[in-house]
Amino acid sequence: MLNKLHYEMIKLYNGDAKRIQHFCKVHSYAKLIAEMENVDEHTLFIIEAAALTHDIGIHLCEEKYGNCDGKLQEKEGPALAEKLLAKLGFAKDVAERVMYLIAHHHTYDDINGIDYQILVEADFIVNMYEDGLSKDAVEHAYNKIFKTDSGMKICAEMFGI
């Protein structure tokens, strides 16, 4: 089921290799952190589905608003994900949590749940590299955002902090 979702997301982002690479990397780090944190299988499944779809609204935002601001993605992404997840037969409870995570993945002040925390950390790991953040900016994000032992270790090793 996750492989079908992965492929459907690649098809959805047809021709946008940069964004396909992004969600593939976020998925990889989210899965790694989740497994290192020993989350249960159900939570891992939600984390993986959310990591694959977290930016699903990006193209719609660019078309509709002329930009892909994170808050706009949070607004537009859940409805798109709901349709895709229903088409693929995802359970309603899984789809609802994935939609919640999409609707909040750029909101960092009230993170509730290990799935939410891991998605945010994985997205930060990838974005900090892709955006070429300075070491000071990485350290600031590390101190402010990262909470899981595994996410902290990966971030510290990757960026030498």
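Screening N143 against (1) loosely packed, with under 14 Cβ neighbours inside 10 Å; (2) in contact with a Pro (Cβ under 6 Å, 6 or more places away or on another chain); (3) not hydroxyl-bearing (S, T, Y) leaves a single unmet condition, (2). Among the residues making up the range 123-140, those that are open to solvent by 10 Å² or more (accessible area, probe 1.4 Å) and at negative phi are F124, N127, Y129, E130, D131, L133, S134, K135, D136, A137, E139, H140. Among the numbered conditions (1) within 20 Å of S150 (Cα to Cα); (2) surrounded by 21 or more Cβ atoms within 10 Å (Cβ to Cβ); (3) free of Cβ contacts under 8 Å to residues at least 24 places away in the same chain, tell me where E35 comes up short. Of the numbered conditions (1) within 20 Å of S150 (Cα to Cα); (2) surrounded by 21 or more Cβ atoms within 10 Å (Cβ to Cβ); (3) free of Cβ contacts under 8 Å to residues at least 24 places away in the same chain, the odd one out for E35 is (2). The single condition from (1) aliphatic (A, V, I, L, M); (2) surrounded by 15 or more Cβ atoms within 10 Å (Cβ to Cβ); (3) without any contact (Cβ under 8 Å) to a residue 24 or more places away in the chain that A17 fails is (2). Per the listing E74, E63, E48, the residue uniquely of a type in the set (D, E), at pLDDT 95 or above and out of contact with any Cys (no Cβ under 7 Å at 6 or more places or on another chain) is E48.
Residues in the range 95-110 that are touching a residue at least 12 places away in the same chain (Cβ under 8 Å) and not in a helix (DSSP H, G or I): H105, H106, T107, Y108.
This table checks each residue for (1) β-branched (V, I, T); (2) not in a loop (DSSP other than H, G, I, E, B).
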{"residue": "C24", "(1), (2)": "no, yes"}
{"residue": "H27", "(1), (2)": "no, yes"}
{"residue": "A34", "(1), (2)": "no, yes"}
{"residue": "L44", "(1), (2)": "no, yes"}
{"residue": "E48", "(1), (2)": "no, yes"}
{"residue": "I56", "(1), (2)": "yes, no"}
{"residue": "E62", "(1), (2)": "no, yes"}
{"residue": "N67", "(1), (2)": "no, no"}
{"residue": "K71", "(1), (2)": "no, yes"}
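For the range 44-58, the count of residues that are open to solvent by less than 70 Å² (accessible area, probe 1.4 Å) and over 30 Å from D149 (Cβ atoms) is at least one. Taking the numbered list (1) in contact with a Leu (Cβ under 7 Å, 6 or more places away or on another chain); (2) crowded, with 22+ Cβ neighbours inside 10 Å in turn, I102 passes all entries but (1).
Taking only the range 75-94 into account, find how many residues are in a helix (DSSP H, G or I) and loosely packed, with under 14 Cβ neighbours inside 10 Å. Counting residues in the range 75-94 that are in a helix (DSSP H, G or I) and loosely packed, with under 14 Cβ neighbours inside 10 Å gives 5. The one condition from (1) over 18 Å from the mean Cα position of the chain (by Cα); (2) touching a residue at least 12 places away in the same chain (Cβ under 8 Å) that A86 does not meet is (2). Could you list, in sequence order, all residues of the range 1-14 that are in contact (Cβ under 8 Å) with a residue 60 or more places away in the chain, part of a helix (DSSP H, G or I) and more than 21 Å from N127 (Cβ to Cβ)? Within the range 1-14, K4, L5, E8 qualify.
I'd like to know if the range 115-122 contains one or more residues that are open to solvent by 20 Å² or more (accessible area, probe 1.4 Å), in contact (Cβ under 8 Å) with a residue 60 or more places away in the chain and either part of a helix (DSSP H, G or I) or within 21 Å of D69 (Cβ to Cβ) (or both). Taking every residue of the range 115-122 in turn, none turns out to be open to solvent by 20 Å² or more (accessible area, probe 1.4 Å), in contact (Cβ under 8 Å) with a residue 60 or more places away in the chain and either part of a helix (DSSP H, G or I) or within 21 Å of D69 (Cβ to Cβ) (or both).
The values are calculated or read from the model by the stated rules, or taken from the named source; none is laboratory data. Note that the structure is a prediction, hence the values are computed from the model and not measured. Positions of Cβ are generated from backbone atoms using ideal geometry, with glycine treated the same way; all protein chains shown enter the neighbour counts. The protein model used for the area step is the full one, side chains on, heavy atoms only, and it has no ligands, DNA or RNA in it. Shrake-Rupley method; radii C 1.70, N 1.55, O 1.52, S 1.80 Å.
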